[in-house]
Amino acid sequence: MSFQPVKFYQTGTFTVGNRLLPPEERSVQAQAKRYNSINSGHRACQGCGEALGARYAIDAAMEAVDGQLICANATGCLEVFSTPYPETSWQVPWIHSLFGNTAAVATGIAAALKVKKQQGEPRNIRVVAQGGDGGTTDIGFGCLSGMFERNDDVLYICYDNGGYMNTGIQRSSATPPAARTATTMAVGAEPGNVFGQGKFVPAIAMAHEIPYVATATVADLRDLEAKVRRAMEIRGARYIHILVPCPLGWGTASNETIRIARLAKETGMFPVFEAEHGEVKSVLAIRHPLPVEEYLKPQKRYAHLFGKTPQVEVIARLQELADRNIRKYGLLDGGER
Amino acid sequence: MDKPFAITLDPGSSLANKTGSWRTFRPVYLDRLPPCNAACPAGENIQGWLYHAESGDYEQAWRALTENNPLPAIMGRVCYHPCQGACNRQFVDSAVGINAVERFLGDEAIKRGWAFGKPMKRSGKRVLVVGAGPSGLSAAYHLARYGHAVEIHEAGPFAGGMMRFGIPKYRLPREVIEAEVQRILDMGVTLKLNTKVANIADAMKAGHFDAAFLAVGAHIGKRAFIPAADATRIVDAISVLRSMEGEEKPMLGRRVVVYGGGNTAIDVARTAKRMGAEEAIIVYRRTREKAPAHDSEIEEALQEGIMVKWLSTIKQADAGEITIEKMALDDKGFPQPTGEFEKLAADSVVLALGQDVDLGLLEGVPGLEVKNGVVQVGPNMMTGHAGIFAGGDMVPSERTVTVAVGHGKKAARHIDAWLAGEAYAPPPKHEVATFDKLNSWYYSEAPHQVRPVLDIIRRQSTFEEVVQGLDEGNTQFEARRCLSCGNCFECDNCYGVCPDNAVIKLGPGKRFQFNYDYCKGCGVCATECPCGAIKMVPEEN
Amino acid sequence: MLKQMEGSRAVAEAVALCRPEVICAYPISPQTHIVEALGEFVKDGSLAPCEFINVESEFAAMSVAIGSSAAGARTYTATASQGLLFMAEAVYNASGLGLPIVMTVANRAIGAPINIWNDHTDALSQRDSGWLQIFAETNQEALDLHIQGFRLAEELSLPIMVCMDGFILTHAYERVDMPTQEQVDAYLPKYEPRQVLDPAEPVSIGAMVGPEAFMEVRYLAHAKQMEALKLIPAYAAEFKSVFGRDSGGLVHTYKADDAETMVVAMGSVLGTIKDTVDEMRAAGHKIGVLGITLFRPFPIAQVRAALQGAQRVVVLEKSLAVGLGGILATNVRMALSALPIDVYTVVAGIGGRPITMRSLHGLFRRAEQDDIDAVTFLDLNRAVVDKQLDRERAKRRSGPAAEAMLRDVGVVAAKLA
């Protein structure tokens, strides 16, 4: 009988924790005394993917730098639900300036920290900037690109929920084709958002050839944590784009948040990979390939595709989009790079 | 720090905002009954002992197992593992090899000499157990644990009952039986061999027993009328198997026909092959699908060169030859004669048509009810005569070792209560953790670990154990394939996936607790719980 | 040490003496020479430790400044005109967060039509942004006000714009007295931020504040800014004791004692005005000058005190509140509430039009006769604008006004010919 080493832990690496793993191999989120960088009492909707993604990411960053972290936050849901006077949920030093300048604010913080270090500051304090897709791919894009181009020592994390949810679910450049929003209503000859590539900022970030670019979802915690950890090992401009489903904006049940994120990845609608200096280095392979309908159907923002006469052509175009991702990133074979 | 008013805030101050008031549904932790446990005739807490095996604490696993079943090394060999048939993992890849892990634990216990704890107290009551088969041994074990003085009276020369006289040693080595019986005796149980109880009432009176558990098994082979020449050798399967345990081995000849489709038919055919028969042919009147024998056993028999005539009945036996009639299934699926005949060479015909119980010891006991050759018992395993309980093959049920062990445990509980003048009320059963309650995404792919099987040549000629055990490595791997259906295994998912940090991690072995001050009731924890140990219930108001 | 140098260079050297820790730079005329020089100092190591960041826009410049200031670094940037408008959102944010950023505004007109020359409409557009605003009259004052500006901003935890006239000052070579590093170090203490982003003491800066506290937060910003009215004279006095010269302050009067007519202005034009006033005084006119150094907070009491003895006030300003008239004049009027003094608004020099002594002589003499409009546009080519207005009345699609008027005044025609 062939030898099989005992490395299999009942649930592999897919659960948050695992009592059978050595403590050093357990996830940050499994720790009884994790940072909870964003604490209870915040006013995010039930099942908010962004609240979850932010805690995953910032806790992981805090762990990676031993708590020596400063966060800059763009205007948006995350900012509004976490810091309405007189309460804040943040337990890290945190600043909110504007909607479109977060990358630049972080650059300023990094610059200040660099000077302080030269002046004898003993700590290695690091900076993370974070914002939603509107604050990142639209209004904050200029500052983001500038930060990338200068290779400032900032990790920028975009929580992508595909629209302006805080203002009532309007379209952003990260809204996927065919999705209904308040500014791309499901009416007329071509209901929902326009077709096109959209603005896939991870690819644009790669075009800057910054040291590190990665995508992740809230459905793969360990992958997400590993990417944040990796990002914090590197100096210079880094970008992580995390898909965070929005129950309100997507029209999904509050308990479905993680499942929907998983389906986005498993159908190929959202490629999960990491890249260094503009080259894709690894891909999180699809475990169980699924047609895009599996992802679209549970979301009311796509309900118009599944009416009395299903919009098979539109669905087929979305499937093409997913297939293109699968081909481009090698999502079925894990990239094999 | 001299903080600006309102626009700069103290860290984590949102704890003042109790978002629990938003909730319309609340998550609650629960234990659901794993389907393996639900399916186990012996009532084992399989998921419970696998939990310990997963972490490599085999002794703890064995102790958890033997809470319900004192015979894991035997069970790990002969149980037909209905648990695996029910296992939810079959919907992910294939069922967990529970039986293999059980065997490993049983063997490990024998190897390491693990012993049962001595009873904490003595009840002063005496219980007579009649029959040292699986049911009797199980009852004796549990009764001893309750503190009762137990005496087993066994008619035969060895303990084990049908485990010894009905199961060939290539499936169950005798030293395994010896070891597990001895461990029970070491608890202070008295075993009297060659002690046939002729009359239960007399025996109880003579031994001052307060209660009795009867588990005499079914040892009398059923006969069927087959027109036969005098020269034809027709024997019954149980006699053949029993004589394998004695000095004089049975003489069956070169060509042996076995009549029947149960496990005993398979056992005797495989035994005949090992005894040197050139041909061992099973004749069964129905199809393979309908045969009561377990498919794995049929498969092993076929591998060893046993031939089977499905849809056939024996019409006549002559010297050195039998006549069989082909059958055909009617539209209701019953076999009907076709009038088509065939002749087979046969030196002997072994009848494996089932067994009857010898109920002689019950004569004259008032209140007993016997129907279809077995003793009727109530839900508490008590016969119509107060204080006399019965189980195993002598009561109406499926006749397997595992069922028998389960009867012994169940009877022991009721006997214990009855002796105290009480009635045992089993705790209410949890709802079963069916596959739809699980989130199988979290279980990574892991192939079933196959137990090694003895070389085919040696199987055909020796009585060495056919199926070997797993080693520690693949035992642990196999244990870790358990999905822990319906029972929290502390994977930290609920703790991790809560967007509101409203789950409190209580520490190893203590599981988790919801912080309802902040839980908004989104239900992500319940959806992402791999094992279905959380459910959402509506809030009262 | 006395040096002959360009205004921008003088400011750059003064800023460097203040030991800034982060400088954000984005090119826009006419401030570019300042950040170019500072970039050189950082690059050659003479200004260290300091991070010089070439940002991609003025919006980013102010945003980087917000970040570095919030992280406790002394932060400087410079801008002008369109740049100031492009960063406007961040300008308000910096003051709202109470971050003591020092920014030079090399004053320049705002388009359209695009125009790179000097006036004050850029800085004055941000008068309500919550920033302190001081206006330099000379390059020496510009240099000095930057040093005072860091002191003031950091003490109050409020940002400050040091305004200097584009080209007229920034590109003018003048003799300046450049202080020594020891002098500046003696005057300007190390920056001790009121609040700072620090893992050792984590706070959330920039919370969302609703109706329940917004008024109070804004009131506090107002009250804080008003404190500058007390601090500035003290700092100017202290400045004098260290550096040996008067510089800064709230307002300055010139030949005002018995003046019946007072001319009010800000910035470099005060020099031309004073020269004109000197000549008019010599001719017996009772005319004086009030130079306003501090525009925000507006020194109402000091302006009132300086002007209350006059019969009329001529506010000559390089800005235009379209649809109203003057910006500075409106503020001055408020200082003179209930006083029986005529206040004339004179919009002059916008878009870089030269303000000549000749024009001022005419203006002031007519003003003394109360013979000017309440809102007067100095040296306005009336014929050209009337012609254009006629043209537009006659024909809806009358073409672009600026080009048409240039043709009328002969600039285009001359070039075409």
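Some notes on this structure:
- Summed residue charge, Cβ within 11 Å of B:A73's Cβ, Lys/Arg positive, Asp/Glu negative: -2
- When peptides A:195-206, A:309-320 are ranked by their average number of other Cβ atoms within 10 Å per residue, the highest-first order is A:195-206, A:309-320.
- Each label point was placed 7 Å from the Cα along the Cα-to-Cβ direction; for B:T323 and B:F116 their separation is 5.5 nm.
- Average partner coverage of B:46-56, which counts Cβ from other chains inside 10 Å: 1
- Cα-projected label distance for A:E24 with B:M307, points at 7 Å along beta-carbon direction, nm: 6.5
- The GluC sites (Glu not before Pro) found in the range B:213-293 that occupy coil by DSSP, while having at most 13 further C-beta atoms within 10 Å, are B:E247, B:E248, B:E278, B:E289.
- FRET efficiency estimate (nearest 0.05) - Cβ-Cβ, B:R458 to B:K249, R0 22 angstrom: 0.70
- Vicinal HN-Hα couplings computed from phi for the range B:84-96 (Karplus, 6.51 cos²θ - 1.76 cosθ + 1.60; Hz; Gly/Pro x): 5, x, 8, 4, 5, 5, 4, 7, 9, 9, 8, 4, 5
- Inter-chain Cβ neighbour average for residues A:73-79, partner chain, 10 Å: 1
- The 3J(HN,Hα) values that the Karplus relation (6.51, -1.76, 1.60; θ = phi - 60°) gives for the range A:219-228 are, in residue order, 8, 10, 4, 5, 4, 4, 5, 4, 6, 5 Hz. Gly and Pro appear as x.
- Most mobile listed residue (C:V91, C:V384, C:V102) in chain C, GNM with C-alpha springs under 10 Å: C:V384
- If you plug the beta carbon distance of B:E363 and B:D471 into 1/(1 + (r/R0)^6) with R0 = 45 Å, you get a FRET efficiency near 0.30.
- Estimated buried accessible area (total), pair B and A, 1.4 Å, Å² to nearest 100: 4900
- Counted residue by residue at 0.36 nm each, then reduced by the alpha carbon distance between them, the extension gain from B:V450 to B:A386 reaches 18.3 nm.
- Taking chymotrypsin sites (Phe, Trp or Tyr not before Pro) across the range B:175-271, the ones in a DSSP loop with at most 11 further Cβ atoms lying within 10 angstrom of their Cβ are B:F225.
- Hits among lysines - C-alpha to C-alpha of C:K3 under 20 Å, sequence gap 8 or more where chains match: C:K240
- Packing, taken as the mean count of other beta carbons within 10 Å per residue, orders the peptides C:290-303, C:64-77, B:360-373 from highest to lowest as C:64-77, C:290-303, B:360-373.
- B:I322 sits among other residues whose Cβ lies under 13 Å from its own Cβ, and their net charge, with Lys and Arg +1 and Asp and Glu -1, is -1.
- Shape index of the protein assembly as shown: Rg/Rh, with Rg the Cα radius of gyration and Rh the Kirkwood radius from the inverse mean 1/r over Cα pairs, equals 1.21.
- Classified by the C-alpha gyration tensor, the range C:1-78 has an oblate form. Its axis ratio a/c, with a ≥ b ≥ c, is 1.5 or above, and a/b does not exceed b/c.
- Dipole magnitude of chain A about its Cα centre (Cβ charges: Lys, Arg +1; Asp, Glu -1), debye to nearest 20: 360
- Antiparallel bridges, percent of DSSP beta bridges restricted to the protein assembly as shown (to nearest 5): 35
- Per residue of C:52-58, other chain Cβ atoms within 10 Å of the residue Cβ number 5 on average.
- Heavy-atom accessible area per residue - the range A:32-329, 1.4 Å, Å²: 33
- Annotation for C:D342 and C:E36: the two label points, set 7 Å from Cα along the Cα-Cβ direction, are 4.7 nm apart.
- Taking a straight line from the alpha carbon of B:K505, these aspartates and glutamates sit under 19 Å away, with near neighbours fewer than eight places off in the same chain left out: A:E24, A:E25, A:D59, A:E63, B:D31, B:E490, B:D492, B:D517, B:E528.
- Degrees separating the helix C:269-282 axis from the principal Cα axis of chain C, which is the longest one: 50
- Efficiency of FRET from Cβ geometry, B:Q513 and C:Q311, R₀ 51 Å, rounded to 0.05: 0.05
- Shape of the range C:2-243, Cα gyration tensor, a/c cut at 1.5: rounded
- The range C:1-73: GluC sites (Glu not before Pro) in DSSP loop, at most 16 other beta carbons within 10 Å: none
- Chains B and C, summed buried accessible surface - 1.4 Å probe, Å², nearest 100: 1200
- With both residues required to sit in the range C:251-377, DSSP beta bridges show an antiparallel share near 20%.
- Out-of-range pairs (alpha-carbon distance over 29 Å; input A:K227/B:K437; C:K286/C:K318; A:K33/A:K300; B:K273/B:K332; B:K125/B:K192; A:K265/B:K437): A:K227/B:K437; A:K33/A:K300; B:K273/B:K332
- Dipole-positive endmost among C:N139, B:T271, B:A115 within the protein assembly as shown (Cβ charges, Cα centre): B:T271
The values are calculated or read from the model by the stated rules, or taken from the named source; none is laboratory data. No experiment lies behind these values; they were computed from the predicted model shown. Please note: Cβ atoms are built from the backbone with ideal geometry, for glycine as well, and neighbour counts cover all protein chains shown. Surface areas here come from the heavy atoms of the whole protein model, side chains and all, with no ligands, DNA or RNA. Shrake-Rupley method; radii C 1.70, N 1.55, O 1.52, S 1.80 Å.
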